[in-house]
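Down below is the structure, laid out as structure tokens.
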Amino acid sequence: MELGSYRGDLHTHTLLSPCGDIEMTPEFIVRRAREKGCSIVGITDHNTTRQAPLIRELGMENGILVLCGAEITTREEVHCLGFVEDQERLDMLQEYLSKHLPPIPNVPEKFGYQVWVDRDENIVGEEEYLLISAIDQSIEQIESFIRSLDGIFVLAHIDKSRYSVLSQLGFIPFDLTPDALEISPRCDLDQLLQTHKYLSKYRFIRSSDAHYQEDFATSGSYFHIKELTFAEVAMAIRGQEGRFVSLN
């Protein structure tokens, strides 16, 4: 089977993230992905996975591969992306996040609502604790946990001046082995590599980090893979068996 090229955006927030627009509903995300020719979507709400399973269902019905995961805030306040393949592992990830999220009540009027919905956009649940808090786990502990689930571990928007590994720590810890580094839509990768030459040994993806409808799928990566599966995307991100990622 020959490689195909599939456009993907692996950093997408839904209405469940307190900083996410209430219009970022499951139906919208899947519909807009089709309109934009985006075949792969990563759902990465802050420190929760609860909206992701429905979007995966809708994606399967519409020919869209949805990677379920979360944007996790480490103890060092570094943002990273973790994806897992199936519902059993996703439940384990959710349990881990719920266990380690500090019990700081959300204030919707200040931070935004934290609700998730069904396919008819009826609210079915609300997260009680503030999801944008840092969990009580280090970046190394989080990577280790994602690895234990055979998941994909990516350091998020490393070029940003807040909540990136470079802004918080100044460097990538030597014992960390991310599958890829994510850059934001406006990042000039060549310039970034001139400033941080040691980053050239890593693989990169580009994502939109969309919180609002107008930003979703406006930027992303191309995944050169044989078929639309979690395993194939993982191989592309890791540069395995001829699969690879190119940036747009």
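The values are calculated or read from the model by the stated rules, or taken from the named source; none is laboratory data. Note that the structure is a prediction, hence the values are computed from the model and not measured. Note that we place each Cβ from the backbone using ideal geometry, even for glycine, and neighbour counts take in every protein chain shown. Areas reflect the complete protein model, heavy atoms only, side chains present, ligands, DNA and RNA absent. Shrake-Rupley method; radii C 1.70, N 1.55, O 1.52, S 1.80 Å.
State all residues of the range 113-130 that are among the acidic types (Asp, Glu) and open to solvent by less than 30 Å² (accessible area, probe 1.4 Å); if no residue qualifies, say none. Step through it out loud before you land on a result.
Here is the first cut: in the range 113-130, the residues among the acidic types (Asp, Glu) are 118, 120-121, 126-128.
The answer is 127, and nothing else.
I'd like the full set of residues that are closer than 12 Å to residue 139 by Cα, in contact (Cβ under 8 Å) with a residue 60 or more places away in the chain and of a type outside the set (A, V, I, L, M, F, W, C), limited to the range 167-190.
Within the range 167-190, 168, 178 meet the criteria.
If you go through the range 56-64 one residue at a time, do you hit one that is among the basic types (Lys, Arg) and closer than 29 Å to residue 161 by Cβ?
no
Looking for something in a strand (DSSP E or B) and at pLDDT below 95 - is there at least one such residue anywhere in the range 227-248?
Residues of the range 227-248 in a strand (DSSP E or B): 244-247.
After this cut, where a residue has to be at pLDDT below 95 as well, the list is 247.
Yes, the range 227-248 contains a residue that is in a strand (DSSP E or B) and at pLDDT below 95.
When you scan the range 173-197, how many residues do you find that are within 21 Å of residue 244 (Cβ to Cβ) and surrounded by 14 or more Cβ atoms within 10 Å (Cβ to Cβ)?
12
So which pairs qualify, if the first residue must be in the range 47-61 and in contact (Cβ under 8 Å) with a residue 24 or more places away in the chain, the second must be open to solvent by 30 Å² or more (accessible area, probe 1.4 Å), the Cβ gap must be under 6 Å, and the two must be at least 6 apart or on different chains?
So the pair list comes out as 50/116; 51/116.
Looking only at the range 211-238, count how many residues are more than 16 Å from residue 35 (Cα to Cα) and of a type outside the set (Phe, Trp, Tyr).
The total comes to 16.
Only one of (1) of a type in the set (Gly, Ala, Ser); (2) more than 15 Å from the chain's Cα centre (by Cα); (3) open to solvent by 10 Å² or more (accessible area, probe 1.4 Å) fails for residue 20. Which number is that?
(2)
Give me a count of the residues in the range 113-127 that are in contact with a strand residue (DSSP E or B) (Cβ under 7 Å, 6 or more places away or on another chain) and free of Cβ contacts under 8 Å to residues at least 24 places away in the same chain.
So the answer is 3.
Out of (1) farther than 16 Å from residue 118 by Cα; (2) open to solvent by 20 Å² or more (accessible area, probe 1.4 Å); (3) in a loop (DSSP other than H, G, I, E, B); (4) at pLDDT 95 or above, the odd one out for residue 50 is which?
Exception for residue 50: condition (1).
May I ask you to verify whether residue 146 is over 19 Å from residue 20 (Cα atoms), open to solvent by less than 30 Å² (accessible area, probe 1.4 Å), assigned to a helix (DSSP H, G or I) and at pLDDT 95 or above?
On the way: over 19 Å from residue 20 (Cα atoms): yes; open to solvent by less than 30 Å² (accessible area, probe 1.4 Å): yes; assigned to a helix (DSSP H, G or I): yes; at pLDDT 95 or above: yes.
The answer is yes for residue 146.
Among all residue pairs at least 6 apart or on different chains, which show Cβ distances below 7 Å where the first residue, located in the range 91-112, is open to solvent by less than 80 Å² (accessible area, probe 1.4 Å) and the second is part of a helix (DSSP H, G or I) and aromatic (Phe, Trp, Tyr)?
The qualifying pairs are 96/145.
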